[in-house]
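**Student:** Structure provided below as structure tokens; questions to follow.
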Amino acid sequence: MNQNFASDNTAGAAPEILEALAEAATGRAMPYGGDDWTARVERRLAEVFEADCAVFPVATGTAANTLGLSIITPPWGAIYCHEHAHIILDESSAPELFTGGARQIGLPGAVGKLDPETLARKLANSGQGDVHHVQPAVLALTQLTEWGTAYSPSEIAALTEVARHAGMRVQMDGARFANALVGLGCSPAEMTWKAGVDVLSFGATKNGCLAAEAVVVFDRGLAESLPFRRKRAAQLYSKMRFISAQLEAYLADDLWLRLAARANDTASLLADGLQALEGIELVAPVQGNEIFLRLSDAVAAGLAERGFIFYPWTFGGAGVYRLVTAFDSEVSEIEAFVAAARDLTGKRSQAS
């Protein structure tokens with residue numbers, strides 16, 4: 001039984017993805033993205049997003065984020081994002097490297113979400129037009145956010161309107177894009193370009209693939225330099241078919257949405273079971289496959305002693321932890337965690 005709730009990165013690969021890779025391993029195919037798999041993925045993503053978008057498969061989320069940012073951020077630019085965003089906390093100096101030195105500016109926001117008023121106030125004092133200051137260039141949003149919450153299309157549109165007023169472009173880190181999409185029940189187009197997003201990092205690795213992401217650019221004019229930037233970043237794979245084959249299988253027959261729904265459903269089941277227990281408090285809405293809760297030291301230590309793995313979430317203050325479910329999470333695993341927590345909270349209540 002899996003007892004690891006540290007991240008959806010700990011999950012394996014979906015059987016459909018492995019089967020697609022095995023099929024792609026037979027025969028010959030043109031290299032460097034000139035293969036049929038890559039062409040089909042480009043067409044399929046255009047259908048999914050209802051747009052004539054440019055698509056560039058890569059292997060990692062960091063590559064997708066930083067390459068996407070590089071085409072819309074000058075070296076003297078500023079990237080505005082949430083203060084807990086992955087690009088500012090967990091991607092080392094890759095954003096600075098690929099943008100040629102652009103500065104990231106983190107903004108506060110409850111449960112991982114920016115609000116238009118905070119962004120507007122910051123931009124009003126950004127030194128726009130002053131050569132002594134970095135210039136507002138990009139608004140970067142994360143969907144799901146680092147707190148597991150989701151921006152609705154209207155919330156995205158309100159933020160992008162502020163960004164547009166300042167002459168900025170908009171990038172979205174969609175590492176858990178499918179989880180957000182399933183949770184919101186909207187269309188991919190409504191959550192991206194129709195709401196003002198220019199560039200998307202389309203994530204698949206956390207949701208059943210081995211190593212597959214894509215940079216999706218909704219304005220082809222912005223993507224002219226991206227083939228060269230991808231090559232320079234060592235992300236133009238000679239056997240690109242093995243990345244594209246994953247993405248093709250991921251998108252086929254709505255597999256990506258079914259995998260995300262499984263992760264979301266088990267997260268909801270886990271959250272429902274835990275919040276019913278004495279002394280356990282959810283500190284953020286569960287809108288995808290991540291749960292943020294407050295536990296006592298005794299309960300957290302007891303769960304760890306029983307083999308359950310999960311991370312403390314220091315941004316939430318003392319006693320806050322993060323649990324993440326995945327596409328392969330089983331109901332029995334959820335029940336085991338809740339049962340252990342129930343036993344520990346019951347013992348704590350008796351002792352107090």
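The values are calculated or read from the model by the stated rules, or taken from the named source; none is laboratory data. Only a predicted model underlies this, so the values are computations on that prediction, with no experimental measurement involved. Please note: Cβ atoms are built from the backbone with ideal geometry, for glycine as well, and neighbour counts cover all protein chains shown.
**Student:** Working only within the stretch 1-27, note down all residues that are in a loop (DSSP other than H, G, I, E, B), in contact with a Phe, Trp or Tyr (Cβ under 9 Å, 6 or more places away or on another chain) and hydrophobic (A, V, I, L, M, F, W, C).
**Tutor:** PHE5, ALA6, ALA11, ALA14, ALA25
The rows are residues; the columns are (1) of a type in the set (Lys, Arg); (2) part of a helix (DSSP H, G or I); (3) surrounded by 16 or more Cβ atoms within 10 Å (Cβ to Cβ).
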residue: ALA29; (1), (2), (3): no, no, yes
residue: VAL55; (1), (2), (3): no, no, yes
residue: PRO75; (1), (2), (3): no, no, no
residue: ILE88; (1), (2), (3): no, yes, yes
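**Student:** Which of the residues that make up the stretch 127-141 are closer than 18 Å to GLU117 by Cα and polar (S, T, N, Q)?
**Tutor:** GLN128
**Student:** What's the number of the only condition in (1) touching a residue at least 12 places away in the same chain (Cβ under 8 Å); (2) among the small types (Gly, Ala, Ser); (3) outside any strand (DSSP E or B) that GLY106 fails to meet?
**Tutor:** (3)
**Student:** Is it true that PHE327 is in contact (Cβ under 8 Å) with a residue 12 or more places away in the chain, in the same structural domain as GLY273 (by TED's automatic domain parsing), surrounded by fewer than 21 Cβ atoms within 10 Å (Cβ to Cβ) and under 25 Å from the mean Cα position of the chain (by Cα)?
**Tutor:** So PHE327 does not fit the description; no.
**Student:** Here is a further query. Identify all residues within the stretch 37-75 that are over 23 Å from the mean Cα position of the chain (by Cα), touching a residue at least 12 places away in the same chain (Cβ under 8 Å) and under 19 Å from ALA20 (Cβ atoms); write none if there are none.
**Tutor:** TRP37, ARG40, listed by residue number.
Here's the yes/no breakdown for (1) under 19 Å from the mean Cα position of the chain (by Cα); (2) at pLDDT below 95; (3) in the same structural domain as ASN65 (by TED's automatic domain parsing); (4) not aliphatic (A, V, I, L, M):
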site: GLY196; (1), (2), (3), (4): yes, no, yes, yes
site: VAL199; (1), (2), (3), (4): yes, no, yes, no
site: LEU210; (1), (2), (3), (4): yes, no, yes, no
site: GLU224; (1), (2), (3), (4): no, no, yes, yes
site: PRO227; (1), (2), (3), (4): no, no, yes, yes
site: PHE242; (1), (2), (3), (4): no, no, yes, yes
site: ALA245; (1), (2), (3), (4): no, no, yes, no
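**Student:** Let me ask something additional. Can you give me the number of residues within the stretch 304-315 that are surrounded by fewer than 21 Cβ atoms within 10 Å (Cβ to Cβ) and in contact with a Leu (Cβ under 7 Å, 6 or more places away or on another chain)?
**Tutor:** Looking only at that region, the number is 0.
**Student:** Between PRO116, PRO153, which is closer than 18 Å to GLY288 by Cα and surrounded by fewer than 23 Cβ atoms within 10 Å (Cβ to Cβ)?
**Tutor:** Result of the check over PRO116, PRO153: PRO153.
**Student:** What single numbered condition from (1) at pLDDT below 95; (2) under 23 Å from the mean Cα position of the chain (by Cα) fails to hold for ASP130?
**Tutor:** If we test ASP130 against (1) at pLDDT below 95; (2) under 23 Å from the mean Cα position of the chain (by Cα), just (2) comes out false.
**Student:** From PHE228, PHE242, grab the single residue that is of a type outside the set (Asp, Glu) and without any contact (Cβ under 8 Å) to a residue 40 or more places away in the chain.
**Tutor:** PHE228
**Student:** Can you pull out the residues in the stretch 195-239 that are more than 30 Å from ARG262 (Cβ to Cβ) and among the small types (Gly, Ala, Ser)?
**Tutor:** Scanning the stretch 195-239 gives GLY196, GLY221, ALA223, SER225, ALA233, ALA234, SER238.
**Student:** Find all pairs meeting these conditions: Cβ atoms under 9 angstrom apart; at least six residues apart or on different chains; first residue within the stretch 281-310 and farther than 13 Å from TYR321 by Cα; second residue modelled with pLDDT under 95 and in a loop (DSSP other than H, G, I, E, B).
**Tutor:** ARG306/GLN3; GLY307/GLN3
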